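Below is one structure, written out as structure tokens; the observations come after it.
The values are calculated or read from the model by the stated rules, or taken from the named source; none is laboratory data. Everything quoted here is computed from the prediction, not taken from an experiment. Because the Cβ atoms are built from the backbone with ideal geometry, glycine has one as well, and the counts that use them run over all protein chains shown.
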Amino acid sequence: MVEYLPGPTRAASWRRAAVRPVLDAYAGSAGVDAVMLSGSTARGDADRWSDTEVGVFWCRPPTARERAAVARAARAADMRMVTAEDANPPWYDHIYLGAGRPDGLMVEVVHTLTAVVQDTLDTVLGSDVPDPTSFAREAHPRHCEPDPPGLDVIKGIVDGREVSGARTDIVSRWKARAASYPRGLAIAVVERDGAIEQFWRWRMLVERDNPLLLAREFSRIASQLLGVLHALNGRYCGHPSAFKRLDSLEHDLTLAPRGLAARLRASFTLPAPEGAAVLRGLVEETYDLVEVHLPEVDVGRLRSLFRSDRRPLETLPRTREP
């Protein structure tokens, strides 16, 4: 279990020091507006398995030569360009410190354009100037697009620290804007992720003795459930891989079913019928919370989708006479 302490973990502390030459090398590169440490190392909850994430914001597209030069300047042991130079942003590099792949500390570098981040904020959060109390009830919540990659970008900005470069001011403005989670975004995420359909499929997969697809189905439902709960709590989360530590849910999500982490684990470890019952209870309790805290959402529609059923067919159904 993760213990929540005021300061960073030991793993986060030494990673921050190790990645410093990479941050400095990017900050001194021509064309870079700002560079930022992000992810678990920035949050302070990294463990011994954690990679390190760095965001680099360019005023223009970087060349492959510029990207490689930073790895050399930081004395990296290895570098892999995951995304080609002529691709659209973002571009990804994996830099390995201390040793080559896979034993070194991997620094996942995400390159993008400053203008793209600004457009992402406008799309996800709405283009009007946010109200500092925007998660409070609004007469007309502004239109927001719950784009998963965009939500990941904003989460990276919120988590980010150790910002350096020529335009640290722009990152400060991004952080200030993202600090207020719009109610309109919460509604949009809940309406999307709360539409948990075909829950009945678990019975079909049990009959087919297919534990692989059953685990995938339970994972889908759990991921959608966690997406709803993050939005309900005003927390950015775009991709299921962001749910790295179940115990952190008890700390991060104040509006959630009681015993969330333990019950999620149980849904995957209990026999399938019991695990399905646990998941069903979590989803229904989450809908209860949505009804109270986001009454703008049509929870009746979400419940109808979730509770829909399909009976197995033994014979061809008879058409009723008019």
For this session: Check the stretch 217-232 and report whether any residue there is out of contact with any Gly (no Cβ under 7 Å at 6 or more places or on another chain) and in a loop (DSSP other than H, G, I, E, B).
Result: no
Problem set entry | Considering residues of the stretch 233-263 that are free of Cβ contacts under 8 Å to residues at least 12 places away in the same chain and part of a helix (DSSP H, G or I) only, the residue nearest to residue 151 (Cα to Cα) | 241
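Here is a yes/no grid of residues against (1) at pLDDT 95 or above; (2) of a type outside the set (A, V, I, L, M); (3) in the same structural domain as residue 159 (by TED's automatic domain parsing); (4) over 13 Å from residue 111 (Cβ atoms):
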residue: 17; (1), (2), (3), (4): yes, no, yes, yes
residue: 21; (1), (2), (3), (4): yes, yes, yes, yes
residue: 27; (1), (2), (3), (4): yes, no, yes, yes
residue: 45; (1), (2), (3), (4): no, yes, yes, yes
residue: 63; (1), (2), (3), (4): yes, yes, yes, no
residue: 82; (1), (2), (3), (4): yes, no, yes, no
For this session: Return the only residue of 295, 312, 273, 317 being in contact (Cβ under 8 Å) with a residue 24 or more places away in the chain and part of a loop (DSSP other than H, G, I, E, B).
Result: 312
Seminar exercise, completed: Taking the stretch 269-316 and keeping only residues that are polar (S, T, N, Q), loosely packed, with under 15 Cβ neighbours inside 10 Å and over 20 Å from residue 214 (Cβ atoms), one is left with 304, 315
Problem set entry | Residue satisfying all of: in the stretch 191-214; of a type in the set (A, V, I, L, M) and over 24 Å from residue 253 (Cα atoms); surrounded by the fewest Cβ atoms within 10 Å (Cβ to Cβ) among these | 212
Exercise. Do we find a residue being assigned to a loop (DSSP other than H, G, I, E, B) and in contact (Cβ under 8 Å) with a residue 40 or more places away in the chain anywhere in the stretch 5-26?
Worked result: no
